[in-house]
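A.B. asks: One structure, pasted below without further comment.
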Amino acid sequence: MSSRAAVFANIRRSLGVTGDEATRQFEVETRLKQAPPGVVPKRGHGDAIARLATFKAEAERAQASVTEVAEWMNAPAEIARYLRENNCPATLRMGDDPRLAGMPWSDTALEIQHGPSDGRDVNAVSAAFAGIAETGTLALVSGADNPTTLNFLADNHIVVLPREAIEADYEGVFGKLRGVYGKGAAPRTLNFITGPSRSADIEQTLLLGAHGPRRLHIVVVG
């Protein structure tokens, strides 16, 4: 028996229950469903245009760069432009996300590599699960489609974000996550990323790329 199971077994024994009682289960489920919502800031609310404007302003305030393209097919050219203008090598690592795989990468000079990063990749691209207008934050879920290593090990992280996936707040993202994955099937990891990695631990001097990418470029599609 694991330590966790032993603790719960002791609690059940002290309460004189097994955990399988239908009445207790019903009461717990009802309480969870009827839990009142917490206070939600209104900053990210509004229609799609307002949410996009707030998301861009907050992301850029966090030192990310943001650009827009009309369709997924336009993203490779934009990504190639960004890497070229920032004097980055023409290499790019990505996972198995079908949206990324379906892009016309052959129209660019980029060398595409697939799979998780081993820490030696300069550039990586991911597709975001959602964006959060309130703070200019990206929500990325783990899995073979978008390995978590791409979020942290590459020097330059490029994230493609569907415009319709921009939620007003964190509560909206958690609701979307439950709606997409259902009960008991959530991804192992949900990463929230706001701007490039940074630290001011040493003499209060801001250093980009301290614990992850030194650049974050967001391509909003739609």
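A.B. asks: Note down the magnitude of the dipole of segment 15-97 about its Cα centre, charges +1 on Lys and Arg C-beta and -1 on Asp and Glu C-beta and zero elsewhere, to the nearest 20 debye.
C.D. replies: Around 380 debye, computed over segment 15-97.
A.B. asks: Pick out, from ALA109, PRO187, ALA165, the residue whose Cα sits farthest towards the positive end of the charge dipole of segment 83-222, with +1 on the Cβ of Lys and Arg and -1 on the Cβ of Asp and Glu.
C.D. replies: Of the listed residues, the answer is PRO187.
A.B. asks: Ordered by packing density, taken as the mean number of other Cβ atoms within 10 Å over each peptide's residues, highest first, how do 146-156, 115-125, 26-36 rank? Numbers along the way, then the final one.
C.D. replies: On the way: 146-156: 21.2, 115-125: 17.4, 26-36: 8.5.
Highest to lowest by the protection proxy: 146-156, 115-125, 26-36.
A.B. asks: Considering the dipole of segment 71-152 built from charges on the beta carbon (Lys and Arg +1, Asp and Glu -1) around the Cα centre, which of LEU138, TRP72, THR91 is farthest to its positive end?
C.D. replies: About the Cα centre, the residue reaching furthest to the positive side is THR91.
A.B. asks: Which value, in Å², gives the accessible area per residue of segment 1-149 when a 1.4 Å probe is used on the protein heavy atoms?
C.D. replies: On a per-residue basis, segment 1-149 sits at 59 Å².
A.B. asks: Which residue, ALA101, ALA70, ALA185, has the most motion in a Gaussian network model of the chain that connects Cα atoms within less than 10 Å?
C.D. replies: Highest fluctuation among the options: ALA185.
A.B. asks: Using a 1.4 angstrom probe on heavy atoms only, work out the carbon and sulfur share of the accessible area of the chain in %. Walk me through the numbers before you get to the answer.
C.D. replies: Values: 6750 of 12600 Å².
Heavy-atom surface of the chain belonging to carbon and sulfur, 1.4 Å probe: 54 percent.
A.B. asks: What percent antiparallel are the DSSP beta bridges of the chain, to the nearest 5?
C.D. replies: Counting DSSP beta bridges with both partners in the chain, the antiparallel share is about 25 percent.
A.B. asks: What is the Cα centroid distance between segment 1-47 and segment 115-185, reported in whole angstrom?
C.D. replies: What the calculation gives is 27 Å, centre to centre.
The values are calculated or read from the model by the stated rules, or taken from the named source; none is laboratory data. Values in this document were obtained by computation on a predicted structure and should not be read as measured data. Cβ: placed from backbone, ideal geometry, glycine included. Neighbour counts: every protein chain shown. Ligands, DNA and RNA are stripped out before the accessible areas are found, and what is left, the full protein with its side chains, is counted by its heavy atoms. Shrake-Rupley method; radii C 1.70, N 1.55, O 1.52, S 1.80 Å.
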